[in-house]
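Presented below is the structure to which this report refers.
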Amino acid sequence: MLYGVLSSAQETGNQISGVVTDGFSPLSNVSVLIKNSERGVVTNANGKYVIEAQAKDILVFSYIGMKSLEIIIEDMTTLLNIELQPDVEKLDEVVVTKHKRKTQKDLSRTFYSDPTVVSSGYGFLSPEIVGYELRVIDGKDLNKNKYDILDAIVEQLPGTCVRSIEGERLLFFSCSGSLRKSAALVYEIDGQLWPPTEDFMGSLSPTHINIANVLRVALIPGDQAARRYGGIANGGIVIINTNNIVHGEREPGNKPYDQAKLRNNTYANDAVSKKAMRNNEPIYLRELYQAANEVEAAEIYKKQKTNFGSSYVFVLENYRLFREHFKSLKFANSIIEDSQSLFDDNPLALKALAYIKQSYGDLQEANDLYKKVFLLRPDYGQSYIDLANSYREIEQYSKAAAIFSRYNHLIGIKFIEKDTSDFFQIFERDFDNLLELKGKEIMSDTILDNHSFEADFQGTRIVFDWNDGEAEFELQFVNPQGKYFKSEHSMFANANEIQREKQLGYSCKEFLMDGTFPGEWQINGKYLGNRKSTASYIKVTIYHNYGLKTQRKETKVFKLALKYVNQELFKVNNNATTFLR
């Protein structure tokens, strides 16, 4: 049966090519290396490169004076146009800006949303406000399978090392020179120094800490640490924030502070409307919109197909236009049928078409498409969650539960490494919601009596899915009071998160709204590209009254093509303003 299958897709080499620039001009002699191998090339005088790589290989792009960039190769990766950014170190104490320096209150409110903020016994710290080297690790990036917290830190902070001295495992800022106990790093854990006393008889290192409970880790070098903590910290100090206590300012109900309340974030009504965006559509769509009737539009389509017919985006946009604008389902379907070869072995195209089918309510057709994606990508976590939710949409609840259970089994046998990434939170929430609302149709009364599947959230839930793992974008949520909160999905904003997405094979993100402020929210999007200079598709699933028996959902699909333009996506009436992630 389909939902019992897991096999690795056949590994075949991809010929990957592209151009590397600094955002303006091509860069020659950029090193393009397959990580952990000796295979690599350099870009030519025009910034171009060609290299053979396999899915899951990591390409490292490096150039003197620029930040290195690592990209995990996917099964459909053939074109990667790379823009490198300057590697500039800034000391905030000598940089003058027009913005007010962040206060301790500002940092307190952003602790749970800004992974560079750490809570210390001397207040909140961030590389943005200090004039010395402060290295911060987001707890999500720590490897939970390491021997202990020391090894997890060393993996994330190159140059540091663990040595055993007199039977004691100690962490050092550097492995060069003579290593003595007195030069080892000391620790501050949730505001308290470790070891707790000078005559402490236990471990000098906090190896008892559960890595999964760590929210943030920061390292301050010896000279700066000694100024704040005294001679005990001559070797440097490691600040560890765990989830055992509350850090930063919280909302009533122990919720993270609403980022839309922060200053300097008043919405300027600058998002481009859907109507205005039409003027920037490709020429083939603009001509079609001007057609007097379906017959004239069909002739335009046939002429344009000669030039653009090899693109599945061209096919999908014509399909949508004839179905929505000209109300011609028959001709719209013929467009897909005539271009079936573009979809057969392309999971990106299949997912985009499945999104569109879901938005129209063609749920069985969407399910058939998700089955095809699953067979093409059986090792992608997104394949499981998409297919399970699709089975739920066509009311085959037992099959949906079987898909969820199969993935849970893979986690249980440690075939898949579970962590705190967005994917597992979304996966568990979807599975629990299925059992809570449809459990009677799946399980026996005995099982139901012995298990509780209460919702951990009630309100409005918005889930974003995108068809292309290379897609980068920014989302802007504007609340009823005209304040906004932004979430950026890009390599330069959160590279570790995107690397994890590719390792697990998922492309989704959720936002939860409670009922603090009622009213209409506006959600805008800014496309940052997908390294192929093509469009990407993003699906939005809005769950109203989530977790209640009255729960309902709607699906919207947007094509993201025009780069760096903040465009209006949709509005939602909701009794919410606080975002939980």
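Side notes on the structure shown:
- Odd one out for residue 563 among (1) farther than 21 Å from residue 479 by Cβ; (2) out of contact with any Gly (no Cβ under 7 Å at 6 or more places or on another chain); (3) of a type outside the set (A, V, I, L, M); (4) surrounded by fewer than 18 Cβ atoms within 10 Å (Cβ to Cβ): (2)
- For residue 108: the one exception among (1) modelled with pLDDT of 90 or more; (2) open to solvent by less than 30 Å² (accessible area, probe 1.4 Å); (3) more than 20 Å from the chain's Cα centre (by Cα): (1)
- Of 135, 101, 169, all but one fail to be modelled with pLDDT of 85 or more and more than 28 Å from residue 422 (Cα to Cα); the exception is 169.
- Residue within region 154-176 that is polar (S, T, N, Q), part of a loop (DSSP other than H, G, I, E, B) and open to solvent by 20 Å² or more (accessible area, probe 1.4 Å) present: yes
- On the stretch given as region 123-162, residues that are without any contact (Cβ under 8 Å) to a residue 40 or more places away in the chain, under 20 Å from residue 243 (Cα atoms) and within 23 Å of the chain's Cα centre (by Cα) total 1.
- Residue 413 meets each of the listed conditions (1) touching a residue at least 24 places away in the same chain (Cβ under 8 Å); (2) open to solvent by 60 Å² or more (accessible area, probe 1.4 Å) apart from (1).
- Within region 522-552, the set of residues being open to solvent by 50 Å² or more (accessible area, probe 1.4 Å), within 27 Å of residue 456 (Cβ to Cβ) and touching a residue at least 24 places away in the same chain (Cβ under 8 Å) comprises 545, 548, 549.
- The set of residues from region 435-467 being at pLDDT below 90 and polar (S, T, N, Q) comprises 444, 446, 450, 452, 458.
- Taken over region 10-48, the criterion of being open to solvent by less than 80 Å² (accessible area, probe 1.4 Å), aliphatic (A, V, I, L, M), part of a strand (DSSP E or B) and within 15 Å of residue 84 (Cβ to Cβ) is satisfied by 19, 20, 32, 33.
- Hey, residue 147 of a type in the set (Phe, Trp, Tyr) and modelled with pLDDT under 85 or not: no
- Identity of the residue in region 535-557, in contact with a helix residue (DSSP H, G or I) (Cβ under 8 Å, 6 or more places away or on another chain) and polar (S, T, N, Q), that ends up modelled with the highest pLDDT: 555
- Sub-6 Å Cβ pairs linking a first residue in region 228-250 that is on the phi < 0 side of the Ramachandran plot to a second residue that is of a type in the set (Lys, Arg), at least 6 apart or interchain, are 241/216; 249/109, ordered by first then second residue.
- Identification of helices (runs of 4 or more DSSP H) wholly contained in region 195-304 with 3 or more residues that are more than 30 Å from residue 317 (Cα to Cα), at pLDDT below 90 and open to solvent by 20 Å² or more (accessible area, probe 1.4 Å) yields 222-229.
- Of residues in region 345-367 being among the charged types (D, E, K, R) and free of Cβ contacts under 8 Å to residues at least 24 places away in the same chain, the one most open to solvent (accessible area, probe 1.4 Å): 365
- The C-beta contact set for region 30-49 (first residue under 15 Å from residue 70 (Cα atoms), second residue modelled with pLDDT under 95 and among the aromatic types (Phe, Trp, Tyr), distance under 6 angstrom, 6+ apart or interchain) comprises 30/63.
- Of everything listed in (1) more than 30 Å from residue 435 (Cβ to Cβ); (2) touching a residue at least 24 places away in the same chain (Cβ under 8 Å), the single unmet condition for residue 513 is (1).
- Among the candidates 543, 527, residue that is assigned to a strand (DSSP E or B) and more than 22 Å from residue 81 (Cβ to Cβ): 543
- Verdict on residue 511 being farther than 24 Å from residue 418 by Cβ, part of a strand (DSSP E or B), of a type in the set (Phe, Trp, Tyr) and open to solvent by less than 40 Å² (accessible area, probe 1.4 Å): no
- Neighbours by Cβ (under 6 Å, 6+ apart or cross-chain): first from region 553-566, more than 17 Å from residue 464 (Cα to Cα); second among the hydroxyl-bearing types (Ser, Thr, Tyr): 563/527
The values are calculated or read from the model by the stated rules, or taken from the named source; none is laboratory data. As the structure is a computational prediction, the values presented were derived from the model and not from experiment. Backbone-built Cβ (ideal geometry, glycine too); neighbour counts: all protein chains shown. These area figures cover heavy atoms from the full protein model, side chains too; ligands, DNA and RNA do not enter into them. Shrake-Rupley method; radii C 1.70, N 1.55, O 1.52, S 1.80 Å.
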